Amino acid sequence: MIWKTLAAAILLCSGAATAGAVGNLADVTIYDRAENRVLPVHRHDGRYYVVGRPGNEYQIRVRNRTVRDILAVVSVDGVNAVSGETADWNQTGYVLGRYQSFGIRGWRKTLERVAAFFFTEHANSYAARTGRPDHVGVIGVAVFRRQAEPEARINRSPPRTEPPASGAHDDSPYPASADAASEAGSGSDRSAESAAGPRHAPSRQAPRKSASLGTGHGRSVHSRVTYTSFERATASPEEVVAIHYDTHANLVAMGVIRAPRVALPSPFPGQFVPDPR
């Protein structure tokens with residue numbers, strides 16, 4: 001099935017993956033635009049986390065690591081970043097060519113403009129303000145590869161006058177490849193593993209020390225894209241990347257980030273009495 005999607009106006013990107021990137025088919029990073037830096041990723045109990053600073057605008061950077069076109073369906077707080085629907089990976093997304101990258105700066109409003117993503121308190125998030133507060137605090141990217149074009153083949157052997165003595169009958173003059181079957185099976189397994197990843201039950205969390213973060217609907221900024229078509233190679237995504245975010249205090253309370261050691265006062269810090277300043 002061919003899907004109508006968005007083709008980003010993107011530039012070639014080369015070099016090593018940025019520190020803080022998550023993903024295999026595609027590198028996904030969270031870039032804080034106010035601080036001009038990629039947010040470091042913290043891994044805890046099989047999940048990825050970044051620290052968000054309230055009020056800071058950010059963008060989601062996606063880099064295609066493959067030689068085939070990919071479709072990236074982007075979800076922020078459980079909402080599709082292009083259509084505004086409650087997110088489902090069968091929806092529209094961004095198409096990236098081989099080794100290309102694109103910065104998703106906000107909620108898609110037109111082909112030319114987006115409403116900037118920015119970290120804000122849960123109640124002020126776009127998802128909460130549109131009646132969908134249950135999945136605030138997570139960014140997701142579902143990755144599909146484009147359906148490969150079939151290769152034309154020429155049968156050099158003379159035509160057969162009768163069916164082969166053994167084996168399954170097939171309209172194709174070529175037998176099924178064991179390697180192809182193996183690859184198809186392993187690809188299915190990878191899809192199942194990737195799809196299952198972000199769906200496990202939430203772990204028990206320590207009491208929070210501050211209001212949790214969400215993503216707001218910010219100022220209008222320029223971000224040009226065009227429409228294109230895309231035929232997915234698989235019905236389910238071949239990879240799903242999930243990055244959770246919250247304040248530093250909350251991630252410390254959850255055990256994601258180790259709390260800094262506080263130096264306690266010592267009753268005998270020195271040997272002699274110094275002069276006063």
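Just name one of ASN24, THR86, ALA116: the one whose Cα is farthest towards the positive end of the charge dipole of segment 16-116 (beta-carbon charges, Lys/Arg +1, Asp/Glu -1).
Of ASN24, THR86, ALA116, it is ASN24.
Among 64-75, 101-112, how do they line up by average Cβ neighbours within 10 Å per residue, starting with the highest? Numbers along the way, then the final one.
Numbers: 64-75: 21.3, 101-112: 19.1.
Ranking the peptides 64-75, 101-112 by packing returns 64-75, 101-112.
Once amide H atoms are built 1.01 Å from N in the peptide plane, which residues 5 or more positions from ALA26, or in another chain, come under 5 Å H to H?
Here the answer is ARG65, since their amide H atoms fall under 5 Å of that of ALA26.
Mind listing the long-range amide H neighbours of GLN147? Cut-off is under 5 Å, sequence gap 5 or more, other chains count too, H placed in the peptide plane at 1.01 Å from N.
GLU231, ARG232, ALA233
Between GLU151 and HIS248, what is the label-point separation in nm under the 7 Å Cα-to-beta-carbon projection?
About 5.4 nm, to one decimal.
Which residues' amide hydrogens lie under 5 Å from the amide hydrogen of GLY52, considering only partners 5 or more residues apart or on another chain, with H built in the peptide plane?
Residues meeting the criterion, in which the H sits 1.01 Å from N, are ASP246, THR247, HIS248.
At what distance in nm do the modelled label points of SER212 and ARG53 sit from each other, each positioned 7 Å from its Cα along Cα→Cβ?
Label at SER212, label at ARG53, 2.4 nm between them.
With only Lys, Arg, Asp and Glu charged, each at its Cβ (+1 for the first two, -1 for the last two), find how big the charge dipole of segment 17-57 is about the Cα centre; round to the nearest 20 debye. Mind dumping the intermediate values first?
Working: 5 positive and 5 negative charges, 14 e Å.
Around 60 debye, computed over segment 17-57.
Values quoted throughout were computed directly from the atomic coordinates according to the rules given, and no laboratory measurement underlies them. Just so you know, these numbers come straight off a predicted model, no measurement behind them. Using ideal geometry, Cβ is built from the backbone for each residue, glycine included, and neighbour counts are taken over all protein chains shown.
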